[in-house]
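Trainee: Take a look at the following structure, please.
The values are calculated or read from the model by the stated rules, or taken from the named source; none is laboratory data. Keep in mind it's a predicted model, so treat the numbers as computed, not measured. Here the Cβ is made from the backbone with ideal geometry for all residues, glycine too, and neighbour counts use every protein chain on show.
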Amino acid sequence: MTEPERLSSTGVARTSGALDHMSGIVVFTRVAETLSFAQAGRQLGLSASAIGKAVARLETRLGVRLFHRSTRSMRLTPEGELFLARCQRILGEIEEAQAELAISRARPTGRLRVSIPLVGTLLMPVLAAFMHAYPEVQLDIDFSDRMVDVIEDGFDVVLRTGEGVDSQLTMRTLGYYTHLIVGAPAYLEARGEPAKPEELAAHACLQHRFSRSGRLRRWTFVRDGVSFEVDLPSTAIASAVEPLIALAEAGLGFANVPDYTVRRQLADGSLVAVLRDFTADRIAFRALWPSGRMTPPKVRVFVDFLHQHLFPDAA
């Protein structure tokens, strides 16, 4: 026999041996669960004699007795009980792997219930693009800043900012954003551009009020690595970001908003960012969903799509 033929023969023998081991595990597990050669044979489509021979071969291969057998009863030996626990774990892993593969190949379909913060209404262009890309997924969106219970409230995915760890949830960081102070070119022409944060006290400032606490969001700045705040006037107050952006575009003052909410306005010049050297916060934008070994396709593609399109620099 030539060397390639010998290696090929060895490979076939190893494969055959592995299959024998696997079939032996399946037969043993079924017998151990039913404590009957006949019952295990009916479930596997084999004769009781074939089942008995398979168990005998396995015992010979392992060098231990797995069952105490008599004409009236059958029970596991201590070695058999230990081996059964391992075999059940192995077969369970295989079944889960097959289920995961089936899910990964499934088409994303069905209703996707999502909780998004109020500022998330500015994500609508990305959400609309997702709907075009996956028309068989029906978005059911709850815009709210309340802290929802993902599992109890029945959400498939929750989008949130900042930190947060829950052992019952899987978390993925979609990207990071920072706050920018923006104003319209007309406002800057009329009132001038501030050179340092303290000068904002003499400007019109459009403030955001948190709907849950009723407090105004503080404008935080950084100078020489040290964070500080400035007491600012409240020319207008809103509990959502969209009105603040609209008022800023209308030339009515400065707004302090997440950078991803004004990308279009900065690109087309309807808004200009000021004091960039003093704004350096970095806030995580995360997706959370119920933990499990198998993530539904609709959840997987939704999270992937947001990661790629909402924060393209992070993809």
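Trainee: Taking only pairs six or more apart or across chains, which ones have beta-carbon atoms under 7 Å, a first residue in segment 239-261 that is assigned by TED's automatic domain parsing to the domain that holds H203 and within 12 Å of I181 (Cα to Cα), and a second residue that is buried (at least 22 other Cβ atoms within 10 Å of the Cβ) and of a type in the set (S, T, Y)?
Mentor: Filtered contacts from segment 239-261: I245/T261; G253/Y187.
Trainee: Can you report the number of residues in segment 260-282 which are loosely packed, with under 14 Cβ neighbours inside 10 Å and among the hydrophobic types (A, V, I, L, M, F, W, C)?
Mentor: Total satisfying the criteria: 1.
Trainee: So which residues in segment 32-67 are under 16 Å from L82 (Cα atoms), of a type outside the set (A, V, I, L, M) and in contact with a Lys or Arg (Cβ under 8 Å, 6 or more places away or on another chain), if there are any at all?
Mentor: E59, F67
Trainee: Quick one: which of Q265, Q308 is within 25 Å of V182 (Cα to Cα) and within 33 Å of the chain's Cα centre (by Cα)?
Mentor: Q265
Trainee: Let me ask something else. Taking strands (runs of 3 or more DSSP E) that do not extend beyond segment 132-224, which have at least 1 residues that are among the aromatic types (F, W, Y), without any contact (Cβ under 8 Å) to a residue 40 or more places away in the chain and in contact with a helix residue (DSSP H, G or I) (Cβ under 9 Å, 6 or more places away or on another chain)?
Mentor: Ranges flagged: 137-143.
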